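Input: a single structure, listed below in structure tokens.
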Protein chains: 2
Amino acid sequence: MSTIDEYLQVNAGRREDELFELLRIPSISADPGSRPAIRRAADWLLEHFIKMGLAAELISTKGHPLVLAESPHVAGAPTVLVYGHYDVQPPEPLDKWTTPPFEPTIRDGAVYARGAADDKGQVLTHMKSVEAWLDVEGGLPVNLKFLIEGEEEVGSANLEEFVRQNTKRLACDCVVVSDSCQFSPGRPAITCGLRGIVYYELRLRGPKRDLHSGSFGGSVANPANALTRMLSALIDERGRIQVPGFYDDAVPLADEERRQFADLQFDDRAYLEELDIDAVAGEEGYTTLERRWARPTFDICGLTSGYQGEGAKTILPSTASAKLSFRLVPDQDPEKITAGLKKILADVCPPGIRMELIDFQGSPGLMVSPENPYVRAAARAIEYGFGTPPVYIREGGSIPVVSTFAQSLGADILLLGWGQNDDNTHSPNEKFSLADFHRATRASAKLWEELGKVQ
Amino acid sequence: MSTIDEYLQVNAGRREDELFELLRIPSISADPGSRPAIRRAADWLLEHFIKMGLAAELISTKGHPLVLAESPHVAGAPTVLVYGHYDVQPPEPLDKWTTPPFEPTIRDGAVYARGAADDKGQVLTHMKSVEAWLDVEGGLPVNLKFLIEGEEEVGSANLEEFVRQNTKRLACDCVVVSDSCQFSPGRPAITCGLRGIVYYELRLRGPKRDLHSGSFGGSVANPANALTRMLSALIDERGRIQVPGFYDDAVPLADEERRQFADLQFDDRAYLEELDIDAVAGEEGYTTLERRWARPTFDICGLTSGYQGEGAKTILPSTASAKLSFRLVPDQDPEKITAGLKKILADVCPPGIRMELIDFQGSPGLMVSPENPYVRAAARAIEYGFGTPPVYIREGGSIPVVSTFAQSLGADILLLGWGQNDDNTHSPNEKFSLADFHRATRASAKLWEELGKVQ
């Protein structure tokens, strides 16, 4: 490993330049106007893989293309699939960015740009470690496949289908995903659980046009009033979700895991300060880490109705809508949740209001064991790259396709997050620590060696 | 009156042209960018009054200017103040207009434009009837003052102050206001009651930035969730408003008035069809007319939070806000309502959420008696202009300054609405019937004669 380490050190500046190049491409998957940028990002990866010495191709889908690359075959070695995504969240609200989202800028040792941590920077650690192996050693100790998609931020609908229909081509012993966080700066982690998600848009319609709230108010059901009543019926004051059957299949937190979480000594006071709030909140009877990692949630992600401009406009709006996210834990079933949600919404929808529920792609949660041999190999690689052994955590976010990998490929899942919790993924001023970028690349290079030894 | 009638008939086309001229000016008082247009509309009125033979001037305020005009003095005759407004509601959403809001277009005998009925068209009926008297008779049978403001749609804050400080200059026996509706086509009305209004913006703040709903969801109070819970606490399922003390001062509907309303045989089925809804709604125990005219309301006029674009963005938003309108009946006191609202909101605001309530200008409701001599004079004028006697109704909307006139000037109030309920004031495709425009101008000309006879 020493020659590889030296190579990584010598080429650190070039790696940063390449990361910035990729970050400059505004590959926003949710935005129909960003198609050309999405394509540029995919092409950038394709050319990069080919230059590194991998066989690579773009795979068209109904949506944005997949990038698939394979290393030269090594007989007898395990096969590892690296998954990541080159698409990014919308950058709005733009006026809250200190520097523009697609002009990567270094401040305090971190690069600021949309996609820096989620997920372009993390994907690049694995690409660059492979490049180092191939440049220095002329080969890898494992068989590697890279599958990098462009639709993670919009539900991975087309990747899911591709995985299910190409299980032979993607066959592997384990899947490596770096699209999450360390526990805290200096405390790298292996993530042994992910929450699932279901996401909906609820649209309500009342009268066919906005009405004068004086002439008509009081006699016609108001969709905005109805929306607040219906949504507040979904969760009670103790943070318990009221969707019928919601908790039926949720695996409760084991006492052992609650102890492990408590040992991490999560600092609620620092959390309040970081977020500038005066109290934590959530489901009664759970700690902050338990609420974030291992309990299901209901969050309204957006509300839209009527007049949103300056001043007072006295209307009874004709429509109201909301974006709704439920995070799930194993073994909650997205389809059962959708059925329950439809039932309660139909029950609470008042007369005079018509309702439409748009169901976005959902995915179940996931758990893996710290005793898994690939997890143990990863732990050694992380200790090598970061100089300290990892802690075992869960992650509150969802990587929808990971459940598909586990189910369709029968592979073990390695969730190695290189980000930090304050990286502002999904909000303005997203960033990624450059020190972590380089440490993670070193850990990744070691990972191929360690995984190569697993029987 | 016959020469005046003839004059009105001969000049009908010119009157329409002049109305269209005024409607082309986008005098949107809520929009800071519309100041030049507001000024153009005020100047248009000023020049028009002067050309008619009235003494007129623009009066500057902290906001948009007032137009004040006076007819030549007639000794011994009563004095009448005509109030109206030249500002209009914002036209948004623009894509729902069949023809552009500031390009008046005739369809099916009505002119379509923002401000056609609310209130430019109605104001012009009184200006044009005065012009007819002066051109034909060289004088008027009453003393007339016109006070036309540019801030009615944003709460009349500066007019209120002007009225209170200029009671001598505005002194009059009665105030004529045409800024409301007939009962239905062919059934002109005198409005004997107006609802008051209080209007607020509620702003909630949670974490200092939008958060990833996976990584943070469940552990931090979500302002959008809080908003739905807080707003749904303001009204129960039976349509009863939960603000403490809300109904304490509300004058209940008298049995006699309930009978009068019932005699109007309001057609609920036609109402459902007109609005394209499948049920009426509102406070339990009241009819549609009672709910619209004589009972207080709570309507959310706008909701704003988080992601409002296409697709799914998985955030826990940092802020959420709502625009809130309560319509009041006599003798509810806006200040007491505000105090009660603040109390209940503070009670239901959850930990981790900071709240701000912005209080817009409020005004109490109003009632006048059908036995009032000016009301009886107006009834005769309406019968003359429309060929049928008026019915006596109330109006659910608010004309905030009318209460100020009643209180500050001690004058009787004549609410003579020339519009129709389906005129789409405050929504796209606002219109005003041209037949009503001309009938109302004829009624207005007769009104000056009838009011001149009141002892």
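No lab work stands behind these numbers, since they all come straight from the coordinates. The model shown is predicted, which means the values in this text are computed figures rather than measured ones. Heads up, the Cβs are rebuilt from the backbone with ideal geometry, glycines too, and the neighbour counts pull from every protein chain shown.
If I stretch the segment between B:R40 and B:R107 completely, what's the gain in nm (0.36 nm per residue apart, minus their alpha carbon distance), one decimal?
Contour length minus Cα-Cα distance gives 21.5 nm.
Once the convex hull of the C-alpha atoms of the stretch B:292-349 is built, how many Å³ does it hold per residue, rounded to a whole number? Before the final figure, lay out the partial values.
Values: hull volume 6.5 nm³, N = 58.
Here the figure is 112 Å³ per residue.
Would you mind calculating the gained length between B:D17 and B:E356 on full extension (0.36 nm times residue separation, minus the Cα-Cα distance), in nm to one decimal?
Result: 117.3 nm gained on full extension.
Can you grab the distance from the C-alpha centre of the stretch B:267-308 to the C-alpha centre of the stretch B:336-371, Å, no decimals?
Cα centres, the stretch B:267-308 to the stretch B:336-371: 20 Å.
If packing is taken as the mean number of other Cβ atoms within 10 Å per residue, what is the order of B:75-85, B:10-20, B:231-241, B:246-256, highest first?
The packing order, highest mean first, is B:75-85, B:231-241, B:10-20, B:246-256.
What gaps in nm, shortest first, separate B:A75 from its twins in the other copies when you place the label 7 Å past Cα toward the beta carbon?
12.7
What nm value, rounded to one decimal, do you get for the distance between B:A250 and B:A435 when each label is placed 7 Å out toward the C-beta?
3.8 nm
For the stretch B:336-410, calculate the relative contact order in percent as a whole number, restricting contacts to Cα pairs under 8 Å that are 6 or more residues apart.
It rounds to 28 percent for the stretch B:336-410.
Please provide three numbers in whole Å: the alpha-carbon extents of the stretch A:272-411 along the principal axes, with the largest listed first.
64, 40, 29
Please grab the % of Cα pairs in the stretch B:145-285 that end up more than 28 Å from each other.
52 percent
Which semi-axes, in whole Å and largest first, does the equivalent ellipsoid of the protein assembly as shown have when worked out from the alpha carbon gyration tensor as the square roots of 5 times its eigenvalues?
The three semi-axes for the protein assembly as shown are 68, 27, 22 Å.
Please state the equivalent ellipsoid semi-axes for chain A: what are the square roots of 5 times the Cα gyration tensor eigenvalues, largest first, in whole Å?
41, 24, 22
Would you list, by chain and number, the lysines whose Cα falls below 18 Å from the Cα of B:K342, excluding same-chain residues fewer than 8 positions away?
Cα-Cα hits under 18 Å: B:K323.
How far apart are the A:N11 label points across copies, placing each 7 Å from Cα toward Cβ, in nm, shortest first?
8.9
Across peptide B:317-323, how many C-beta atoms of other chains are within 10 Å of each residue C-beta, on average?
If you average over the peptide's residues, the count of other-chain Cβ atoms is 5.
When ranked by the protection proxy of mean other Cβ atoms within 10 Å per residue, highest first, what sequence do the peptides A:216-229, B:412-425 form? Don't jump to the answer; show the numbers that get you there.
Numbers: A:216-229: 27.5, B:412-425: 23.5.
The peptides rank, most packed first, as A:216-229, B:412-425.
What residues qualify as long-range amide H neighbours of A:I315, i.e. H under 5 Å apart, gap of 5 or more or another chain, H built at 1.01 Å from N?
Residues meeting the criterion, in which the H sits 1.01 Å from N, are A:S213.
Where the label is 7 Å out from Cα toward Cβ, how close does B:D278 come to the same position in every other copy, in nm, shortest first?
4.5
Over chain A, what relative contact order in percent results from Cα pairs under 8 Å that are six or more residues apart?
Reported as a whole number, the value is 26 percent.
Where both partners of a DSSP beta bridge lie in the stretch B:66-194, what percent of those bridges are antiparallel, to the nearest 5?
Percentage antiparallel, nearest 5: 40.
Considering only Cα-Cα distances, which of the following residue pairs are longer than 27 Å: B:K96/B:K208; B:K62/B:K453; A:K51/A:K120; B:K62/B:K208; A:K168/A:K336; B:K96/B:K145?
Working: B:K96/B:K208 36 Å; B:K62/B:K453 39 Å; A:K51/A:K120 18 Å; B:K62/B:K208 35 Å; A:K168/A:K336 30 Å; B:K96/B:K145 38 Å.
Too far apart for the 27 Å limit: B:K96/B:K208; B:K62/B:K453; B:K62/B:K208; A:K168/A:K336; B:K96/B:K145.
Would you mind putting A:284-291, A:38-45, A:260-267 in packing order, based on average other-beta-carbon counts within 10 Å, highest first?
Working: A:284-291: 18.2, A:38-45: 20.5, A:260-267: 13.9.
Result, highest mean first: A:38-45, A:284-291, A:260-267.
For the protein assembly as shown, what is the percent of antiparallel DSSP beta bridges, rounded to the nearest 5?
On the way: 99 of 141 bridges.
Of those bridges, close to 70 percent are antiparallel.
Which whole number gives the average count of other chain Cβ atoms within 10 Å of the Cβ atoms across peptide B:423-431?
Rounded to a whole number, the mean comes out at 4.
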